[in-house]
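Below is one structure; the comments refer to it alone.
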Amino acid sequence: MKKSKILIVDDSDADLKHLEQIVNNAKYASVTARSGEEAIEVASKENPDLIFLDIIMQDMDGFSTCRQITRDPALAEIPIVFVSSKNQRADHMWAKKQGAKALISKPYSDDEILNQLSQFA
């Protein structure tokens with residue numbers, strides 16, 4: 001059985017490491033990116049089964065990154081779940097409009113991440 005590969009995108013070292021630990025402890029393979037541009041490059045190269053994507057990042061925010069990924073026919077089928085401190089109702093609605101499957105707000109529990117893994121990966 002193929003091990004699912006998860007792309008984790010966050011410009012915060014602490015958040016990146018925490019998500020990576022949850023994903024790896026759940027026996028998934030992980031790859032990481034620290035920016036929107038890098039996320040698009042890594043997604044193209046690695047073809048992950050799921051992307052956990054921060055919204056607030058330098059240069060290209062998560063919403064723009066999500067739009068670019070979901071509009072690329074080679075990447076459009078990869079589920080994207082935002083993991084962000086943004087948690088207003090409008091943020092959740094905007095996340096769905098960009099093509100994301102869900103938005104998990106920080107601080108999150110391990111179970112919230114594991115639930116998304118079991119649902120989409």
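The values are calculated or read from the model by the stated rules, or taken from the named source; none is laboratory data. Computed from a predicted model, the values in this text were never measured in an experiment. Just so you know, the surface numbers come from the protein's heavy atoms only, side chains and all, with ligands and any DNA or RNA stripped out. Shrake-Rupley method; radii C 1.70, N 1.55, O 1.52, S 1.80 Å.
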### Query
Relative contact order of the stretch 40-107: what whole-number percent is it, with Cα pairs under 8 angstrom and at least 6 residues apart?
33 percent
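Looking at the P(r) of the chain, how many percent of alpha-carbon pairs lie beyond 17 Å?
49 percent
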### Task
Leaving ligands, DNA and RNA out of it, rank 13, 59 by accessible area with a 1.4 Å probe, largest first.
59, 13
### Query
Calculated from DSSP H runs of 4 or more alone, at -39500 (n - 2.57) each and per residue, what is the 222 nm mean residue ellipticity of the chain, nearest 500?
-13500 deg cm²/dmol
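State which entries of 45/106; 5/45; 27/97; 17/106 exceed 20 angstrom in Cα-Cα distance in the structure shown.
45/106; 27/97
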## Note on the structure
For the chain, dividing by residue count, accessible area per residue (probe 1.4 Å) in Å² works out to 54 Å²
### Query
On the accessible surface of the chain, probed at 1.4 Å, how many percent belong to carbon and sulfur atoms?
46 percent
## Note on the structure
Across 53, 16, 103, the residue with the highest GNM fluctuation in the chain (Cα network, 10 Å cutoff) is 16
